[in-house]
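J.: This structure is in C-alpha cells; I'll ask about it shortly.
What follows draws every value from the coordinates through simple rules; no lab data is involved. The model shown is predicted, which means the values in this text are computed figures rather than measured ones. A quick note on method: Cβ atoms are made from the backbone with ideal geometry, for glycine too, and the neighbour counts reach across all protein chains shown.
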Amino acid sequence: MNYDQFFADKVAALKVEGRYRVFADLEREAGNFPTAKNYQKDGTADITVWCSNDYLGMGQSRVVIDAMHEAVDKCGAGAGGTRNISGTNHFHVLLEEELASLHNKEAGLIFTSGYVANLTTLSTIGQMMPELVIISDALNHNSMIAGIRHSRSDKMIFKHNDLVDLEAKLKEVGPDRPKMIAFESVYSMDGDVAQIKEICDLADKYDALTFIDEVHAVGLYGQHGAGIAERDGLMDRLDIIQGTLAKGFGVVGGYVAGSSPMCDFIRSYGDGFIFSSSMPPAVAAGALASIKYIREHNELREQHQERAAMLKRRLTDVGIPVMPSVTHIVPVMVGDSVLCKQASDELLFNHSIYVQSINYPTVPRGTERLRFTPTPLHNDELMDHLVSSLQKVWGQLGLKQAA
C-alpha cells in the first residue's frame, strides 16, 4: 500500500470541500496586543487579531510576563518530569490552592491543557465507577466527548440545553445507577449559556454528579472571574468545575476543582495526570499571577462585555448577520465553507484583519462562520476598520446580509 498517497488523498478531499485548514503564521508582539506580525510569502504584514481566545489580553500583561521571568530565573525552564516522580514544583502547589479558592472548592488539580483535564477526569471517573452513566449535552466540546468515549462507560446524549430531554434521560437511567451530567457553561461557537440552576435542580432530584466545563467563562464572568457559576451564585451546587488557564487567564494549562476526595482520586488514578510531564514552573507562576490579578480587577470584565456588545450592535446596524449570542462570542454567519475561507483570506490579505474561518467539524455543515472575540484592547478605531472591511468583503463575495 502507498501510505503517503492515502494521507495525501485524505488531505486533498478536505481541500475540495473547502475545509482544509491553513494556519496563519503569526508573531504576537508583547505589549502591543491585538497587533501581530503575519509572515506571508512576500514578507511580513502588520495585522489585527480578531479571533484570539486570549480574551482579556492577559498573555500580554506585564503582571504575567514579569512573574514568568522571575520564575524562570528562580526555577529554570522545565519542571523535571511527571508530578509523581520529580515534577511537582511549589508553583504548582500554589496554583492549585489559588484555583480551589477561586471556585470556593476544597481542592484543585492542574493539567497540561484543558483538553487533557477533560479527557482525564471524565475517562477516569467513567472507567472506575461501576455502572456509571454519563449524560452529555449534544454540543459538548470534543475533549469532553473524547473523555466520555475513553471512559467506556454507558453514555446518553441530551439535546442541547433541553431540560425536558435531560430529565427524560435521567428517568430512563433509573434511581439505582450512578449518573453524571456533563455540560458547558458557555458554548464557544454559538455564544449561548447553559441553564445551570435547572440542571443542578435535576441533578439533585435524580442524585447525579454535575461536571461543568467553564473553559470559555473563567476569568470573564463573575465578580472575581470564576465563571458563569459564580455570576449566578451556583458554584456550591456543582461537583466538578473544569477550566483552562489558556483563555481568560492568558497562559496555558487546564484544571479541575472540587472536593478533596475527587481531586485525590484523579491524581491517583488518572493516566493523563500520572504519565504527563508537569507544566513548567514559569507557566504555573504566570497563571497564578494572572488569576490573582483578574480576581481583583472586575473592570476588565466590564470592559470586555462592553466591547462585545458594541461590536454586535455595530455589525447588526450595517446588516452583517450576527448570530444570537448572550456572551462575549460574536459569531457571524456565512453558511458555506468555501465562501467562509474566502472571506477570511480577503480580510487577512487585503484588510490586515485576522479572523479564522470556522468550518465542519467544529460546527455543523451549513453553519460555517467567522467568530469574532473582541477584547478590552480592541478600541473604537480598530472596530471602525473591522466594520467597514466586513461591509466591503460581504459586497465583494455576495454574502447574505441580515434579514
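J.: Given C-alpha coordinates of the range 323-381, what is the ratio Rg to Rh with the Kirkwood estimate of Rh?
T.: On the way: Rg = 12.0 Å, Rh = 12.1 Å.
Result for the range 323-381 is an Rg/Rh of 0.99.
J.: Could you sort the peptides 195-206, 49-60 by per-residue average Cβ neighbour count (10 Å cutoff), highest mean leading? The partial results should precede the final answer.
T.: Numbers: 195-206: 17.1, 49-60: 22.0.
Packing proxy ranking, top to bottom: 49-60, 195-206.
J.: For the range 3-116, what is Rg from Cα atoms divided by 2.2 N^0.38 Å, rounded to two decimals? Present the calculation step by step, with values, prior to reporting the outcome.
T.: On the way: Rg = 20.2 Å, N = 114, 2.2 N^0.38 = 13.3 Å.
So the Cα radius of gyration is 1.52 times the expected 2.2 N^0.38 Å.
J.: Normalised by the empirical 2.2 N^0.38 Å for globular proteins, what value does the Cα Rg of the range 198-356 take? Don't jump to the answer; show the numbers that get you there.
T.: Details: Rg = 19.4 Å, N = 159, 2.2 N^0.38 = 15.1 Å.
In units of the globular-protein estimate, the range 198-356 measures up at 1.28.
J.: What is the Rg over Rh value, at two decimals, for the range 68-192, using alpha-carbon atoms and the Kirkwood definition of Rh? Before the final figure, lay out each step's value.
T.: Values: Rg = 18.1 Å, Rh = 16.9 Å.
A ratio of 1.07.
J.: Also, quick follow-up: Kindly give the semi-axes, whole Å and largest first, of the ellipsoid equivalent to the range 267-399, taking each as the square root of 5 times a Cα gyration tensor eigenvalue. It would help to have the intermediate numbers written out before the result.
T.: Working: eigenvalues 223, 93, 38 Å².
They are 33, 22, 14 Å, listed from largest to smallest.
J.: May I pose another question? Using the Kirkwood formula on the Cα atoms of the range 106-254, what hydrodynamic radius do you get, in angstrom to one decimal? Walk me through the intermediate numbers first.
T.: Details: mean 1/r = 0.0657 Å⁻¹.
In the range 106-254 this quantity evaluates to 15.2 Å.
J.: Cross-link list Lys41/Lys400; Lys10/Lys155; Lys197/Lys292; Lys169/Lys197; Lys341/Lys400: which exceed 22 angstrom alpha carbon to alpha carbon? If you can, show how the numbers build up before the last one.
T.: Numbers: Lys41/Lys400 31 Å; Lys10/Lys155 30 Å; Lys197/Lys292 27 Å; Lys169/Lys197 18 Å; Lys341/Lys400 15 Å.
Checking Cα-Cα distances, Lys41/Lys400; Lys10/Lys155; Lys197/Lys292 exceed 22 Å.
J.: Would you please report the Å³ per residue occupied by the convex hull of the alpha carbon atoms in the range 302-351?
T.: Working: hull volume 4.6 nm³, N = 50.
About 92 Å³ per residue, rounded to a whole number.
J.: Would you please give the residues with an amide H less than 5 Å from that of Phe372, counting only those at least 5 places away or on a separate chain, with H modeled from the backbone geometry?
T.: Excluding prolines and chain starts, which carry no amide H, the hits are Val330, Val332.
J.: Over the Cα atoms of the range 18-75, compute the convex hull volume and normalise it per residue, giving Å³. Kindly include the intermediate steps, with their values, before the conclusion.
T.: Details: hull volume 7.8 nm³, N = 58.
Here the figure is 135 Å³ per residue.
J.: Taking the Cβ of Cys263 as the centre, find all other residues whose Cβ is under 12 Å away and add up their charges (Lys, Arg: +1; Asp, Glu: -1). Mind showing how you got there, number by number?
T.: Values: positive: Lys105, Arg267; negative: Glu96, Glu97, Glu106, Asp239, Asp264.
With Lys, Arg at +1 and Asp, Glu at -1, the neighbours total -3.
J.: May I ask you to work out the translational diffusion coefficient for the chain at 4 °C, viscosity 1.567 mPa s, via Stokes-Einstein with Rh from the Kirkwood sum over Cα pairs, reported in whole µm²/s?
T.: Working: Rh = 22.3 Å.
For the chosen part, D equals 58 µm²/s.
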